[in-house]
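Below: one structure, written as structure tokens.
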Amino acid sequence: MFSLSDIRELLRSHDGVLTEELRQNPSQLGLGQLPKHRQPDALTTMVCGYCSTGCSLVIHMKDGQAISLSPDGRYPVNRGMACPKGWEALRVLDSPERAVVPLRRNDDGGWSEVSWEYAILTFASRMKAIQEKHGKGSVAFLGTGQIPTEELAFLGALAKFGMGFQHGDGNTRQCMASAVVAYKQSFGFDAPPYTYQDLEESDTIVLVGSNLCIAHPILWERITRNPHQPRIIVIDPRRTETAQVATHHIAPMPKTDLTLFYGVAHLLIAWGAWDQKFVDEHTNEFEKFREHVAPYTPDDVARQCGLAVGEVEQLARLIADGQRVSFWWTMGVNQSHQGVLTAQALINLALMTGNIGRPGTGANSITGQCNAMGSRIFSNTASLLGGRDFTNPEHRKKVADVLDIAEDRIPHSSGYAYDQIIEAIERGEIKGLWIIATNSAHSWVQQTRLKKLLPQLDFLVVQDMYATSETAQLADLVLPAAGWGEKEGTFINSERRIGRVRRVSKAPGQALADFYIFRLIAEAWGLGHEFAAWKDPAAVFNIMSRLSQGQPCDFSRIASHDELGPLGIQWPVHDGVNATERRLFADGQFFHKDGRARFMFASPVLPRERPSREFPYILLTGRGTSAQWHTETRTRQSPILKRLYRDEPMIEMCPEDAKREGLEAEDYVQVTSAYGQARFLCVITNKVKPGQVFIPMHKDGVNRLIQSEFDPQSRQPSYKMSVVQLKKATV
Ligand code: SF4
């Protein structure tokens, strides 16, 4: 335990690598001791810090510092493979763009370097002053799915139970909130049911809104190892890299997929190709669902989806004929104005055909970020710690008991979602914002609007690895954070596997692990004593383990990091810690009180924005290449990754549309929506249909164009459906 007065001493001795003195007495600063296997010139393993696949990487050490890496051949996730981002994971740590010292905004708009002591005291005094003047709800935080679960849990508990923040959300709202709500309602808990081995066991793989080849390339590699010659059906408006190598590609009009899946259910019922025994024994509401899909005839569905009747029938026939059918989806489903219902339509198909709980089956959401699953269960934002519910008094009591805090410290609601926090900034209700490890000024919808709003805050704090992100550039205070590879903890991947991340590299300058920044803030806020038990990531893992007890995500048998072992562990851990693969619902028991899953459904609605004379094109967005990550804050630091894609912002359009607009390949195109405009290089391709264009999500301009429609249940933005006009731009 340390206090603010220790910070100077900490920084004096903190050259990024633990000094010998601290090695001897690590508990004094809560930094932990380097484990023996990471002593000089050894190997260690850790989970990659980019995507939710959760590959394990072998880190090669020299003199106590990581010098290179290679994919882990033993790990049940990646089995010796890694994508370009993983191979380059260490290199991006070493960058002149790293934040290395706390920075304060001056009156003239420039920056001054300040001490940690000054930065932390400024953080606490200004946030408290805002709360005192405008109420507790006048400050909020926006977190991430990129930091270890221990840090997420600490942030969420500290902010909401200690500092009195009523509102806090994460960038995970942007990628998988719809899947969370869908699973909770259908299964009774936010529980992706699969293990990656299912990709190799299926005979029929349905990929919806998922460009697996480049978004989750190692999962695609797993499909290529499938010995059953699976039918691979890609459902996507665009002929993506994955669609090009699939056995079948079905390209409905954007945002008509919900109608399509109701039409498939209609046909399966009409053909008697559903599993009555499973439905009767393990589900509720099927009869209402049957009535609901009765009007979704193939003719109507095909017309609404822009498909041939034969395509709708073929999709249903492939599902009906499969013995082990698995349904997988990512952002094409989640980032929709009806993402929850669309995810539930896929869950319904899995339930009605009994394709769940068996090898090679499942209704399987693949998450985005490396620790999106950790965020879902432990960030204390949409769900209370341990995947619980803020509104449930029993849940609040359980958390209060485990944490040994007064029950009334726990809010009775989850507070505002991301978009509601932005709205509250706009109407002046929220005046202080703390952004941790996310680049909102680039990634949020209607980017121009947000870039205007953030400077209007009384106080904007950005805590990040890089001082150069679009968001950090707008901050009043920048707190320099250590990154992946520079700190300890765990991630939880898409298949619910908890794996280790480790400190194998020294953080540059004065950058500190987010965990210790939170610790300093706790001290400065006067909460050091109350959070004394949260002294380091190992201690917090133990707290999380106890918080999981009795929940569907129970891993309370695993009390320490070391017990996770070299292969990680999938929750729940009921059946012995040595199982390397765990699939949910093998016993047909779901997490609702009656043990049954529920069919969830409602009538589709049209997206708010549709093509018009003024904005005739539908703008689709998605990942550009496997070498790019989100807003490129990290991946652009690697010269090797940058050689794997063309750096100029690009737009794809089909030859007919290019001709109509008088455009040729390599022309510049001014793309305009009702919310902004940006310039892109024209790429003419048959990957997109007439009337649709595609822009990769990574460059700054794209989110200027995106409208702000949200799924009403999950509050997830609909990134895949905006309308734009095109015009040839002068160079
Ligand atoms: Fe890392 Fe994902 Fe690439 Fe695996 S697939 S190496 S987890 S970025």
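Give me the pairs, please: first residue somewhere in the range 400-422 and hydroxyl-bearing (Ser, Thr, Tyr), second residue anywhere and open to solvent by less than 60 Å² (accessible area, probe 1.4 Å) and assigned to a loop (DSSP other than H, G, I, E, B), beta-carbon distance under 7 Å, and either six or more positions apart or on two chains.
Pairs found: SER413/PHE390; SER414/THR381; SER414/ALA382; SER414/PHE390.
If you check every pair at least six apart or on different chains, which have Cβ atoms under 9 Å apart with a residue in the range 83-105 that is within 12 Å of PRO480 (Cβ to Cβ) first and a residue that is within 16 Å of the ligand (Cβ to nearest atom) and not in a loop (DSSP other than H, G, I, E, B) second?
GLU97/ARG636; GLU97/GLN637; ARG98/GLN637
Just to be sure I understand, how many residues within the range 113-123 are assigned to a helix (DSSP H, G or I), surrounded by fewer than 20 Cβ atoms within 10 Å (Cβ to Cβ) and in contact (Cβ under 8 Å) with a residue 24 or more places away in the chain? Quick ask: steps written out before the conclusion?
Let us first name the residues in the range 113-123 that are assigned to a helix (DSSP H, G or I), namely 116-123.
Checking which are surrounded by fewer than 20 Cβ atoms within 10 Å (Cβ to Cβ) leaves us with 117-118, 121-122.
Checking which are in contact (Cβ under 8 Å) with a residue 24 or more places away in the chain leaves us with 117, 121-122.
Going through the range 113-123 one residue at a time, the tally reaches 3.
Within the range 84-95, how many residues are open to solvent by 20 Å² or more (accessible area, probe 1.4 Å) and near the ligand (Cβ under 8 Å from one of its atoms)?
Residues in the range 84-95 being open to solvent by 20 Å² or more (accessible area, probe 1.4 Å) and near the ligand (Cβ under 8 Å from one of its atoms): 2 in total.
Before we move on, is GLN131 surrounded by fewer than 24 Cβ atoms within 10 Å (Cβ to Cβ) and in contact with a Gly (Cβ under 9 Å, 6 or more places away or on another chain)?
yes
Conditions first: (1) in contact (Cβ under 8 Å) with a residue 12 or more places away in the chain; (2) open to solvent by 30 Å² or more (accessible area, probe 1.4 Å). GLY499 passes all but one, so which condition is the exception?
Only one criterion is unmet by GLY499, namely (2).
Quick check on the range 635-675: of everything there that is small (Gly, Ala, Ser) and over 16 Å from THR621 (Cα atoms), which residue is surrounded by the fewest Cβ atoms within 10 Å (Cβ to Cβ)? Give the steps one after another, and end with the answer.
So the first thing to find is which residues in the range 635-675 are small (Gly, Ala, Ser), and the list is 638, 658, 662, 665, 673-674.
Remaining after also requiring over 16 Å from THR621 (Cα atoms): 638, 658, 662, 665, 674.
On the way: SER638: 21, ALA658: 21, GLY662: 10, ALA665: 12, ALA674: 15.
Here the residue is GLY662.
What single numbered condition from (1) under 19 Å from PRO572 (Cα atoms); (2) in contact with a strand residue (DSSP E or B) (Cβ under 7 Å, 6 or more places away or on another chain) fails to hold for ALA559?
(2)
Out of the range 609-651, which residues are under 25 Å from GLN338 (Cβ atoms) and over 24 Å from the mean Cα position of the chain (by Cα)? Please lay out each step first, then the result.
Residues of the range 609-651 that are under 25 Å from GLN338 (Cβ atoms), as a first pass: 609-612, 614-623, 630.
Result: GLU609, ARG610, PRO611, SER612, GLU614, PHE615, PRO616, TYR617, ILE618.
Could you please let me know if PHE141 is in the same structural domain as THR471 (by TED's automatic domain parsing), at pLDDT 95 or above and crowded, with 22+ Cβ neighbours inside 10 Å?
Working: in the same structural domain as THR471 (by TED's automatic domain parsing): yes; at pLDDT 95 or above: yes; crowded, with 22+ Cβ neighbours inside 10 Å: yes.
Yes.
Of the numbered conditions (1) open to solvent by 50 Å² or more (accessible area, probe 1.4 Å); (2) farther than 23 Å from LYS506 by Cβ; (3) out of contact with any strand residue (DSSP E or B) (no Cβ under 7 Å at 6 or more places or on another chain), PRO76 satisfies every one except a single condition; which is it?
PRO76 satisfies every listed condition except (1).
Cβ-Cβ distance below 6 Å, separation of 6 or more or different chains: which pairs start in the range 44-56 with a residue that is more than 16 Å from TYR196 (Cα to Cα) and hydroxyl-bearing (Ser, Thr, Tyr) and end on one that is open to solvent by less than 10 Å² (accessible area, probe 1.4 Å) and near the ligand (Cβ under 7 Å from one of its atoms)?
TYR50/LYS85; TYR50/CYS370
State whether one or more residues within the range 28-41 are modelled with pLDDT of 60 or more and either away from the ligand (no atom under 16 Å from the Cβ) or not assigned by TED's automatic domain parsing to the domain that holds GLU221 (or both). Break it down into steps so the answer makes sense when it comes.
Here is the first cut: in the range 28-41, the residues modelled with pLDDT of 60 or more are 41.
Pick out the ones that are also either away from the ligand (no atom under 16 Å from the Cβ) or not assigned by TED's automatic domain parsing to the domain that holds GLU221 (or both) and you get 41.
Yes.
Which condition number does ALA382 fail, the rest of (1) open to solvent by 10 Å² or more (accessible area, probe 1.4 Å); (2) more than 30 Å from PHE165 (Cα to Cα); (3) part of a loop (DSSP other than H, G, I, E, B) being met?
Exception for ALA382: condition (2).
Select from the range 472-486 the residues that are under 21 Å from LEU457 (Cα atoms) and either open to solvent by 10 Å² or more (accessible area, probe 1.4 Å) or free of Cβ contacts under 8 Å to residues at least 24 places away in the same chain (or both) and list them in ascending order. Steps first, please.
Start the filter on the range 472-486 by keeping residues that are under 21 Å from LEU457 (Cα atoms), which leaves 472-480.
Within the range 472-486, GLN473, LEU474, ASP476 meet the criteria.
What single numbered condition from (1) outside any loop (DSSP other than H, G, I, E, B); (2) charged (D, E, K, R); (3) under 26 Å from the mean Cα position of the chain (by Cα) fails to hold for ARG126?
Of (1) outside any loop (DSSP other than H, G, I, E, B); (2) charged (D, E, K, R); (3) under 26 Å from the mean Cα position of the chain (by Cα), only one is false for ARG126: (3).
Do you know which residues across the range 47-62 are away from the ligand (no atom under 11 Å from the Cβ) and either part of a loop (DSSP other than H, G, I, E, B) or open to solvent by less than 10 Å² (accessible area, probe 1.4 Å) (or both)?
Across the range 47-62, the qualifying residue is only ILE59.
Look at THR625 and say whether it is within 16 Å of the ligand (Cβ to nearest atom) and under 26 Å from GLY332 (Cβ atoms). Spell out the reasoning first.
On the way: within 16 Å of the ligand (Cβ to nearest atom): yes; under 26 Å from GLY332 (Cβ atoms): yes.
Criteria met by THR625.
Evaluate the following for ARG126: is it basic (Lys, Arg), surrounded by fewer than 22 Cβ atoms within 10 Å (Cβ to Cβ), touching a residue at least 12 places away in the same chain (Cβ under 8 Å) and within 16 Å of the ligand (Cβ to nearest atom)? Spell out the reasoning first.
On the way: basic (Lys, Arg): yes; surrounded by fewer than 22 Cβ atoms within 10 Å (Cβ to Cβ): yes; touching a residue at least 12 places away in the same chain (Cβ under 8 Å): yes; within 16 Å of the ligand (Cβ to nearest atom): no.
Here the answer is no, as ARG126 does not meet what is asked.
Having 3 or more residues that are within 16 Å of the ligand (Cβ to nearest atom) and open to solvent by 30 Å² or more (accessible area, probe 1.4 Å) is the bar; report the helices (runs of 4 or more DSSP H) wholly within the range 200-275 that clear it. Before you say what the answer is, go through the steps one by one.
On the way: elements: 212-215, 217-224, 241-245, 257-270.
Hits in the range 200-275: 217-224.
Consider ILE147 against the criteria (1) more than 16 Å from the ligand (Cβ to nearest atom); (2) closer than 17 Å to ILE435 by Cβ; (3) assigned by TED's automatic domain parsing to the domain that holds ASP464: it satisfies all of them except one. Which criterion is unmet?
Going through the list (1) more than 16 Å from the ligand (Cβ to nearest atom); (2) closer than 17 Å to ILE435 by Cβ; (3) assigned by TED's automatic domain parsing to the domain that holds ASP464, ILE147 breaks only (1).
Does any residue of the range 701-721 turn out to be within 24 Å of ILE250 (Cα to Cα), open to solvent by 10 Å² or more (accessible area, probe 1.4 Å) and in contact (Cβ under 8 Å) with a residue 40 or more places away in the chain?
Yes; the residues of the range 701-721 include at least one that is within 24 Å of ILE250 (Cα to Cα), open to solvent by 10 Å² or more (accessible area, probe 1.4 Å) and in contact (Cβ under 8 Å) with a residue 40 or more places away in the chain.
The values are calculated or read from the model by the stated rules, or taken from the named source; none is laboratory data. Note that the structure is predicted; figures quoted are calculated from it, not measured. We place every Cβ from the backbone using ideal geometry, glycine too, and count neighbours over all the protein chains shown. What goes into the accessible areas is simple: the full protein's heavy atoms, side chains included, and nothing from ligands, DNA or RNA. Shrake-Rupley method; radii C 1.70, N 1.55, O 1.52, S 1.80 Å.
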